[in-house]
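Shown next, in structure tokens, is the structure this report addresses.
The values are calculated or read from the model by the stated rules, or taken from the named source; none is laboratory data. Every value quoted in this text rests on a predicted model; they were computed, and no experiment measured them. Neighbour counts are summed over all protein chains in view; Cβ atoms, including those assigned to glycine, are modelled from backbone coordinates with ideal geometry. For the accessible areas, the whole protein counts, side chains as well, though only heavy atoms, and no ligand, DNA or RNA atoms are used. Shrake-Rupley method; radii C 1.70, N 1.55, O 1.52, S 1.80 Å.
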Amino acid sequence: MIVFCGYANNDVTVHVPHVPVLGERVQATAISQIDGGMNANAAVSAARMGAQVIFAGAVGPDARSTEFLEALEADGVDTSWSPRDAFLSTAVVLIAQDGDRSIISQDDPNDAERIGVVVTRLAAAGGGRLFLDGYRAEFLPDVLPGSVSLVIDLDGCENRAAALRAFALADHVVVGRALWEGEFGIAFDQWQTLAAEHNTHLLVTDGSRGWTLATPDGEVTSEPAVVVDVVDAVGAGDCFGGTYIAFVDAGRSPVDAARLAGASAALACATAGPRGCPTRDELDSFTATLTPHTLLETR
């Protein structure tokens, strides 16, 4: 069982010729309103891979929130843990013709108290995996119950201390390289040491350049991204994280799970919208057409 708690968004998606700079005006080529949210997207991705998934993010009592939860249920996500006493946040997503994007997001109500309630409920249910997004890093308790395995996608976290604290608590960490190196200043030669010290699997994604996995036993594996014609990359990282932990939960090795997640994220990039993650059958058909990955680096 994997419980996802974090961002659930009403995404207002605006397609533009290019992402505007300060003071510039551009004409939108299309505007749509769709379901999104970093954590909810990851939950859908995991469910499509066949995992037992619960979404526990807070939404509102309004009709739009009901529609949002119904869409999750249609994808096989159990929403019975999702409180209805808050609101469904909104994100404005600007998508350029070349696939680049900028996002303006509204903060949501999933605070430390709500995270604590989910942790307690998961432990009482016998335990399982708790998947959080990076916006929740600062809300984590000092200690987690032994039956609760933390998985966190650190993208969205702006606090280096909170990120490293979450890293120390988690069994699996997914993070974009730009954040990990650029914002937090954690260089490649530190990844192996950190993973070993904290007994954590660190999976660093790098967009079109692929991914790197550092395991607790000291191995570091890097592989290239699967090449596709990009339609838009919105939600591809969420798809990667959800697919990865679904296969880990199913008993696949983290390296195999990362490879499958890379293929899944590639398909998401070739599909419009934040929930372009494939179904398990679609992923199996796609991976059957791929040549074996070349192992770039193992230490």
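A few remarks follow.
- For first residues located in region 73-95 and more than 25 Å from ALA246 (Cα to Cα), partners that are open to solvent by 50 Å² or more (accessible area, probe 1.4 Å) and among the basic types (Lys, Arg) and lie 6+ apart or on another chain with Cβ distances below 7 Å form the pairs LEU88/ARG64; VAL93/ARG101; LEU94/ARG101; ILE95/ARG101.
- The residues of region 109-131 that are within 22 Å of SER89 (Cα to Cα) and of a type in the set (Lys, Arg) amount to a single one, ARG114.
- Residue count, region 11-53 (criterion: open to solvent by 10 Å² or more (accessible area, probe 1.4 Å), under 22 Å from LEU260 (Cβ atoms) and not in a helix (DSSP H, G or I)): 4
- Residues in region 185-207 that are farther than 20 Å from ASP238 by Cβ and open to solvent by less than 10 Å² (accessible area, probe 1.4 Å): ILE186, TRP191, ALA195, THR200.
- Annotation: GLU158 fulfils all but one of (1) in a loop (DSSP other than H, G, I, E, B); (2) open to solvent by 60 Å² or more (accessible area, probe 1.4 Å); (3) modelled with pLDDT of 95 or more; the unmet one is (3).
- Here ALA137 qualifies as open to solvent by less than 10 Å² (accessible area, probe 1.4 Å), of a type outside the set (Ser, Thr, Tyr), without any contact (Cβ under 8 Å) to a residue 60 or more places away in the chain and under 25 Å from GLY60 (Cβ atoms).
- Candidates ALA123, ALA168: the one that is in contact with an Asp or Glu (Cβ under 9 Å, 6 or more places away or on another chain), surrounded by fewer than 20 Cβ atoms within 10 Å (Cβ to Cβ) and not in a strand (DSSP E or B) is ALA168.
- Among residues of region 171-183 being open to solvent by 30 Å² or more (accessible area, probe 1.4 Å) and touching a strand residue (DSSP E or B) at 6+ places or on another chain (Cβ under 6 Å), the one that is nearest to THR200 (Cα to Cα) is ASP171.
- Restricting region 203-237 to residues that are of a type in the set (A, V, I, L, M, F, W, C) and in a loop (DSSP other than H, G, I, E, B), the residue that is modelled with the lowest pLDDT: ALA233
- Filtered residue count, region 145-154, keeping only those that are in contact with a helix residue (DSSP H, G or I) (Cβ under 8 Å, 6 or more places away or on another chain) and either surrounded by 18 or more Cβ atoms within 10 Å (Cβ to Cβ) or at positive phi (or both): 6
- Condition met for ILE104 (part of a strand (DSSP E or B), surrounded by 14 or more Cβ atoms within 10 Å (Cβ to Cβ) and modelled with pLDDT under 95): no
- Any hit, region 56-73, residues being open to solvent by 50 Å² or more (accessible area, probe 1.4 Å), within 25 Å of SER264 (Cβ to Cβ) and either at pLDDT below 90 or among the hydrophobic types (A, V, I, L, M, F, W, C) (or both): no
Okay, residues lined up against (1) over 25 Å from ALA170 (Cβ atoms); (2) open to solvent by 40 Å² or more (accessible area, probe 1.4 Å); (3) without any contact (Cβ under 8 Å) to a residue 40 or more places away in the chain; (4) in a loop (DSSP other than H, G, I, E, B):
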| site | (1), (2), (3), (4) |
| --- | --- |
| CYS239 | no, no, no, no |
| GLY242 | no, no, no, no |
| ALA246 | no, no, no, no |
| GLY251 | no, yes, yes, yes |
| VAL255 | no, no, no, no |
| GLY262 | no, no, no, no |
| PRO274 | no, no, no, yes |
| PRO278 | yes, no, no, yes |
